[in-house]
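Each reported figure results from applying straightforward, stated rules to the coordinates on display, with no laboratory input. Here the structure is a predicted model, which means the values were calculated and not measured. Note that each Cβ is placed from the backbone with ideal geometry, even for glycine, and that neighbours are counted across all protein chains shown.
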Amino acid sequence: MDKYFFKYDDLGFKLITNNDTEDLIRIDCDPEVRSFFPDGTVNKEDIPSRIKKYQEDYNKQGYGCFLVFNLKNGNLIGRAGMTDLDSGETEVGYLIVKELWGKGYATKILKAILHWCKGNLKKDKIIAYTPTNHTASIRVMQKSGMQYLETKVMPHISKECVVYAYDLMD
């Protein structure tokens, strides 16, 4: 069985397992990588409970969070995936390891996730959001074909964000 849930170009998307603690620590415990997250970095001790939540989300929804690898060299690129919000909307998100920033991986990963969603989710749209001052992430959403939807305070993080949407019904 292939270790990747899906592949897109030279990216492999792997479901997160209990063996992925070190990769998640590398991403989620880095203050620069998590600088735009209202809750900041994740404590190392909390990684196992996050893994459990990612697994529960996948078992419940049939989609969730993935580690993303370069298929050419096997290196970790980041973490990305989808989750359902309390509003009923499905959100896509991504984090890239710091040393790969500015190399186009965020856009490539977001395009891959959107492509997978279009072929596999039975939803009208998928959204992404970021704080209004996170210009790099806004540009990634735009380059990936997402359309500006609105600016609003996201209730679960109490922060003003720009919200972009991608139509899955076209």
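Taking the helices alone, the chain has a mean residue ellipticity at 222 nm of -9000 deg cm²/dmol, built from -39,500 (n - 2.57) per DSSP H run of at least 4 residues and averaged over all its residues. Put one equal scatterer on each alpha carbon of the range 1-87, apply the Debye formula with no solvent term, and list log10 I(q)/I(0) at q = 0.11, 0.14 1/Å to two decimals. At q = 0.11, 0.14 Å⁻¹ the computed log10 ratios are -0.31, -0.51. In a simple Cβ point-charge model (Lys, Arg +1; Asp, Glu -1; nothing else charged), the range 13-80 has a dipole of about 240 debye relative to its Cα centre. Hull volume per residue, based on the alpha-carbon atoms of the range 98-153 and their convex hull, is 98 Å³. Run down the aspartates and glutamates and flag those whose C-alpha is under 13 Å from the C-alpha of LYS52, throwing out any fewer than 8 positions away in its chain. Excluding near neighbours in sequence, the set is ASP20. With unit charges on the beta carbons (Lys and Arg positive, Asp and Glu negative) and the dipole taken about the Cα centre of the chain, which residue among TYR8, PHE66, ALA106 sits farthest to the positive side? Highest projection toward the positive end goes to TYR8. Under the criterion of Cα pairs below 8 Å and six or more residues apart, the relative contact order for the chain equals 17 percent. Calculated over the chain, the projected area of the Cα convex hull averaged across directions stands at 9.7 nm². Rounded to the nearest 20, the Cβ-based charge dipole of the chain about its Cα centre (Lys and Arg +1, Asp and Glu -1) stands at 420 debye.
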